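Scroll down for the structure; my scribbles are underneath it.
A short reminder: the numbers here are calculations on the coordinates, not readings from a lab. Small disclaimer: the values here were computed from a predicted structure and weren't measured. With ideal geometry, Cβ positions are generated from the backbone for all residues, glycine too; neighbour counts draw on all protein chains shown.
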Amino acid sequence: MHPILFTFGNFTIHTYGFSVATAFATAIFYLSYSIKKSKEKIISQDDLYSLVMYIMVFGVAGARLFFVFTDLNEFILYPLGIFKIWQGGLVYYGGFIASIIFAITYAKRKKIHLLKLGDFFAPALALGHALGRIGCFFAGCCYGKESSLPWAVVFINEHSLAVRGKPLHPTQLYEAFANLLLFVFLYFYSKKGHKSGVSFAVYITGYAVLRFIIEFFRGDYRGVQYFDFSVSQIISVFLFTAGVFIICRKK
């Protein structure tokens with residue numbers, strides 16, 4: 001579509017990077033708004049901003065490292081390519097896992113209730129992810145398989161990372177829309193006063209299902225396959241199982 005938002009001299013703003021930045025900013029705004037409206041102060045405003053800043057760093061680093069490991073031979077030949085994240089190449093699960101590990105450490109150090117923190121972050125994760133996937137669409141990464149459906153898209157921009165000139169499933173938009181629906185559901189669901197950890201469990205369960213399904217329509221390189229399933233699908237199975245387990249334990 002439009003991988004480059006605009007160019008000013010030697011300075012270039014890539015649509016993918018802009019979308020990721022917008023996703024983080026929107027998630028922070030939503031979390032800040034939620035703190036002010038919440039009767040229960042799960043985390044202070046200062047701790048929230050501190051945690052989010054660290055999550056941004058660890059999340060992007062984890063997402064990039066996960067992507068690098070899916071195509072390690074390519075980056076061994078061109079190691080400087082590791083740092084070109086504006087060209088796409090952030091795997092959500094890598095960033096999610098890295099962020100969770102850091103959040104656990106941070107919550108223990110600050111004596112913040114971990115499960116309540118997860119519930120608090122769940123809608124923001126879905127909202128931010130929805131906006132981030134729009135960046136994938138403009139960059140052309142995470143593209144779909146060939147399709148004859150009327151809503152198939154054709155990438156023609158020379159800078160696009162997608163296969164050009166062929167109608168493809170808009171898998172980036174599938175995931176953006178699915179995450180947006182998940183956000184709306186979690187927004188209302190989290191207001192009903194469930195036990196600690198349930199909203200977060202609903203998030204990881206719901207996302208695991210939508211990611212597992214959408215992976216079948218992806219046409220980009222998915223790394224090593226195990227029994228015709230991608231690594232992301234295998235992670236989805238584990239997250240779905242964990243989510244169901246938490247929900248059942250909290251009944």
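Out of everything in region 36-49 that is assigned to a helix (DSSP H, G or I) and touching a residue at least 12 places away in the same chain (Cβ under 8 Å), what residue ends up being nearest to Gly197 (Cα to Cα)?
Taking the candidates together, the pick is Leu48.
Out of the residues in region 210-229 meeting the condition of being of a type in the set (D, E, K, R) and part of a helix (DSSP H, G or I), tell me which one is farthest from Ile247 (Cα to Cα).
Among those that are of a type in the set (D, E, K, R) and part of a helix (DSSP H, G or I), it is Glu215.
Listed here are the residues, each with its yes/no results for (1) in a helix (DSSP H, G or I); (2) without any contact (Cβ under 8 Å) to a residue 24 or more places away in the chain; (3) closer than 30 Å to Leu31 by Cβ.
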site	(1), (2), (3)
Leu125	yes, no, yes
Gly128	yes, no, yes
Val154	no, yes, no
Leu161	no, no, no
Ala208	yes, no, yes
Ile235	yes, no, yes
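Quick one: His169 ticks every box in (1) in contact with a Ser or Thr (Cβ under 8 Å, 6 or more places away or on another chain); (2) farther than 21 Å from Ile134 by Cα; (3) buried (at least 21 other Cβ atoms within 10 Å of the Cβ) except a single one, so which number is it?
(2)
In region 187-206, how many residues are of a type in the set (Lys, Arg) and in a helix (DSSP H, G or I)?
Number of matching residues: 2.
Being in a loop (DSSP other than H, G, I, E, B) and touching a helix residue (DSSP H, G or I) at 6+ places or on another chain (Cβ under 6 Å) is the filter here; which residues of region 130-144 pass it?
Matches in region 130-144: Cys142 only.
Quick one: in region 24-69, of everything that is basic (Lys, Arg) and farther than 29 Å from Val231 by Cβ, which residue is surrounded by the fewest Cβ atoms within 10 Å (Cβ to Cβ)?
Across region 24-69, the extreme among qualifying residues is Lys39.
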